[in-house]
Every structure is written in C-alpha cells, then in structure tokens.
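Peer 1: A single structure is presented below for examination.
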Amino acid sequence: MNILENIIDLLQLMGQSLRIPTSFVVIDFIGTLAFAISGIRLASAKQFDWFGAYIVGMATAIGGGTLRDLMLGVSPFWMTNPIYLIWGAIALFSVIMFGRILIRQKNTWFIFDTIGLALFNVVGIEKTLNLGFPFWTAIIMGSITGAAGGVIRDVFINEEPLIFRKDIYALACIAGGIIYIMCHQAGLSAEINAVLSGMMVIAIRILAVKYHWRLPVLKGEEQQ
C-alpha cells in the first residue's frame, strides 16, 4: 500500500512540475513509450544500430513536447526528470526483445504512431491551457506536441515527413483539439476531454488510411 501511495505522490509532483493533471502524467508516459517504439521501429527498418535507433526513438518521443515547451517559455519537460530517457530505453529493449513480432506486423508502426499522436495532442492542449494561453494556441500547441516529433524522426531516417504528405495527420490533431476545447468549455473533466479528443484523432487516422482520404495537392506551374 505504501508503494502505491508513493507512486501516486510521485505522479502528483510530476503533474505539478509539468503543469498537467496527475492522470495526464500517465497519458504522457504511455504516449512517450508509444512514440519511442514507433520511431525505433522505423529505425530498425533502416538498419540503424542500437544507439542510433534509441536517438530516433527519443527524438520522436520528446521532439514535439520540447518544441512546445520552448515556444511556451518553460523548461523542456524531459530536462527535469530522467524518466523519459528511461522510457526510451524500455522502448528500445522492447523492440530488441520482440523485434521479430513488431517488425513482421506491417501495422505496428501505424498503431503506435497513432496512439502517440492522440495522447500527446491532449497533453499539449491541457498544458497550454493550464499555462493561461487562449484556446487557439492550445490547439496549435497540441498539434505541435503530437506531430513535430514525427517530423524530426522522418528527417533523421531520411524520409519525407509524413505531415507534408497527402495523409491526414496534423489535421487529425486539429480536429481532436477542437473537440477538446468544446468539451472544456462545456465544463467536462479533463479526463473526459482527453478520452473524447483522443478517440477523434484515432478515428480520423484510421478512417483516413482505410478510405484513402487525402488533401488536395498544391501543384506548381510545371505540374499543371
């Protein structure tokens, strides 16, 4: 019982330092693990060594949140607690131990990336609101938290960033952000806001891939 109480106290302290509710600390941890696995999964496809894969995984997991915190004028979250670096190591060893299963499954990257996108989006929104910024800034910061790490990941592995392709990606975060703000203004709890917003992001990503939803491509004169 004492161990559980100590864990709860630790999560509460982290929530205070991160400017998010205690429940969102757990969401942040799960999102970190999911995004780190997605990055390491893609790095393995490029045959990176263990250290290189860890760097790609960590860049995916903390890149968006780092950019968000710098723009909001606060210390990047991972610099005040080493747990995020540890989560990256856990993600790396998970891929090493269960690599054959994760790599053989073609949908592995998509599943973990979508989960991380949805979870980080709500964390970014809630933190921005708690820092006193207006709702439109919160929606933007949520999208950056969710999508920017994937941009850094794709640059590291020499791929065209997913956000710049035709796939619905950042727009899913914006839609989820709108749902979050609507629920927030309706007086619902942060946890309910997170669930509804996350479900929206995940649903849009799944439907977009299944039904090949695409945005119009901006063509230059030579392509017309």
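Where a number appears in this text, it was derived from the coordinates with a stated rule and is not lab data. This one's a predicted model, so the numbers in the text were calculated from it and none came from an experiment. Positions of Cβ are generated from backbone atoms using ideal geometry, with glycine treated the same way; all protein chains shown enter the neighbour counts.
Peer 1: Remind me, relative contact order of the chain in percent, using alpha carbon pairs under 8 angstrom and six or more residues apart?
Peer 2: Relative contact order for the chain comes out at 21 percent.
Peer 1: I'd like to compare 129-137, 49-57: which one has the highest average count of other Cβ atoms within 10 Å, and what's the full order after that?
Peer 2: Listed from highest to lowest mean packing, they are 49-57, 129-137.
Peer 1: Using only Cα atoms, figure out Rg for the chain and give it as a multiple of 2.2 N^0.38 Å.
Peer 2: On the way: Rg = 17.5 Å, N = 224, 2.2 N^0.38 = 17.2 Å.
Relative to the 2.2 N^0.38 Å estimate, the chain comes out at 1.02.
Peer 1: What's the magnitude of the charge dipole for the chain around its Cα centre, counting Lys and Arg as +1 and Asp and Glu as -1 at the beta-carbon? Answer in Debye, nearest 20.
Peer 2: The dipole of the chain has a size of about 580 debye.
Peer 1: Another question, then. The range 118-224: which GluC sites (Glu not before Pro) are DSSP loop and have at most 15 other beta-carbon atoms within 10 angstrom?
Peer 2: Here the GluC sites (Glu not before Pro) that fit, given the DSSP loop and packing criteria, are Glu159.
Peer 1: If you don't mind, another one. Report the one residue of Ile168, Pro76, Ile179 whose Cα lies farthest in the direction of the positive end of the charge dipole of the range 22-212 (charges on C-beta: Lys and Arg +1, Asp and Glu -1; origin at the Cα centre).
Peer 2: Highest projection toward the positive end goes to Ile168.
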